[in-house]
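See structure below.
The values are calculated or read from the model by the stated rules, or taken from the named source; none is laboratory data. The model shown is predicted, which means the values in this text are computed figures rather than measured ones. Every residue, glycine among them, receives a Cβ derived from its backbone with ideal geometry; neighbour counts consider all protein chains shown.
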Amino acid sequence: MRLKKFEHFEPRTLSEACQLLNEHGSKASVIAGGTDLVVRMKYGVTTPECLINLKKVDGLSAISSVGENLHLGALATLTQVRCSELVQERYPILAEAALAVGAAQLQNMGTIGGNICLEPRCWYFQQGNSWRQARPNCFKNGGAVCYMAKGSKRCYALYCGDTAAALLALGAKVRLVSLGGERTVPVEEFFVDDGMRHTNLRPGELLAEVILPGPGTGQRGTYLKYRKRGALDFPIVGVAAVINKGATAASRLRIAVTGVGSSPSLVVPPADFPAGTGLTHEMIDRMAEIARKQVKPVSHMEVSPGYRKELVGVLVRDALEKLAGA
């Protein structure tokens, strides 16, 4: 699995990186840790003519407190994130999610920005060229069929990033930069439920920073992941749950799910949650059932959609029971 020839650029500033991305457009791919992109390049799934390496861009790996918020540079490695005292103290759920990504070697190389922008996967497309050529092309390969959801009119490749679920539950935002300026959007608006285009990144735009709001009074959270093996594997289902005693009723509980669709998604709690008694057994059972009904998983080579639905309910129940006993 040799890599095809490509140009390699190492910009020193964000503006230089944006300029290169603007010049080369769809022919370029942005690389940080490379733990996902290089693998896809070796399989021939992605064939960029040039790589824009962000590793030498100043300031993109910093983790700093700005007022009540915490700012994570997109190039902060997952090891930096999970080992950061600021993250462990204020947002332990994010440290849990970063620790759940692959093995230690991948965490040392992989970045928070790369994990957020992780390309959706499917059992058909994530193979070598010779294997894919044995049948008609799927949407991702220029065709008009999806093997994840047969008969569908769009790509249903699965998004399998871990940290995005924690960031969704925490109500984080991302700062996006281009030659035309910058914008800050909530994480839930950054993702699009489409296997072909799963983020709202515009042409020539880069994810520069993740911004976490100050933890509310009594905030607690946890991230649970079900996978085939104890290390390396992407989540079959991942669930992040955050409860904040000091927030308004509408934002007091946030539950996010990953591994079941083309983007991570929030589970919308009932309007009357939480009741005055908080996380009772009845409320936990109710939220688990709501989560199970809301997710719409598609086929996967490892588990059926029905099994994944049940897993969502089980993990939501386990997460809330853990928070109730904290």
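Mind checking which pairs have a first residue in the range 205-231 that is farther than 22 Å from residue 320 by Cβ and a second that is charged (D, E, K, R) and assigned to a loop (DSSP other than H, G, I, E, B), Cβ under 6 Å, 6 or more apart or different chains?
Pairs found: 214/68.
For residue 149, work out the one condition from (1) under 23 Å from residue 54 (Cβ atoms); (2) among the small types (Gly, Ala, Ser); (3) outside the structural domain of residue 76 (by TED's automatic domain parsing) it doesn't fulfil.
Result: residue 149 passes all but (1).
Restricting to the range 169-193, name every residue that is over 16 Å from residue 70 (Cβ atoms) and not acidic (Asp, Glu).
176, 177, 178, 179, 180, 181, 183, 185, 190, 191, 192 - these are the residues of the range 169-193 that are over 16 Å from residue 70 (Cβ atoms) and not acidic (Asp, Glu).
For residue 85, state whether it is surrounded by fewer than 22 Cβ atoms within 10 Å (Cβ to Cβ) and either among the β-branched types (Val, Ile, Thr) or under 21 Å from residue 228 (Cα atoms) (or both).
It is false that residue 85 is surrounded by fewer than 22 Cβ atoms within 10 Å (Cβ to Cβ) and either among the β-branched types (Val, Ile, Thr) or under 21 Å from residue 228 (Cα atoms) (or both).
Could you list all residues from the range 21-49 that are over 19 Å from residue 128 (Cα atoms) and buried (at least 18 other Cβ atoms within 10 Å of the Cβ)?
Within the range 21-49, 21, 24, 28, 29, 30, 31, 32, 33 meet the criteria.
Residues 162, 193: which one is outside the structural domain of residue 28 (by TED's automatic domain parsing), under 20 Å from the mean Cα position of the chain (by Cα) and surrounded by fewer than 24 Cβ atoms within 10 Å (Cβ to Cβ)?
193
Which condition does residue 320 not pass, out of (1) in contact (Cβ under 8 Å) with a residue 40 or more places away in the chain; (2) closer than 14 Å to residue 257 by Cβ; (3) not in a helix (DSSP H, G or I), if it passes all the others?
Unmet condition: (3).
Can you spot a residue in the range 255-268 that is touching a strand residue (DSSP E or B) at 6+ places or on another chain (Cβ under 8 Å), in a strand (DSSP E or B) and farther than 19 Å from residue 296 by Cα?
no
Restricting to strands (runs of 3 or more DSSP E) lying wholly in the range 13-93: which have 3 or more residues that are in the same structural domain as residue 202 (by TED's automatic domain parsing) and among the hydroxyl-bearing types (Ser, Thr, Tyr)?
Here the list is empty.
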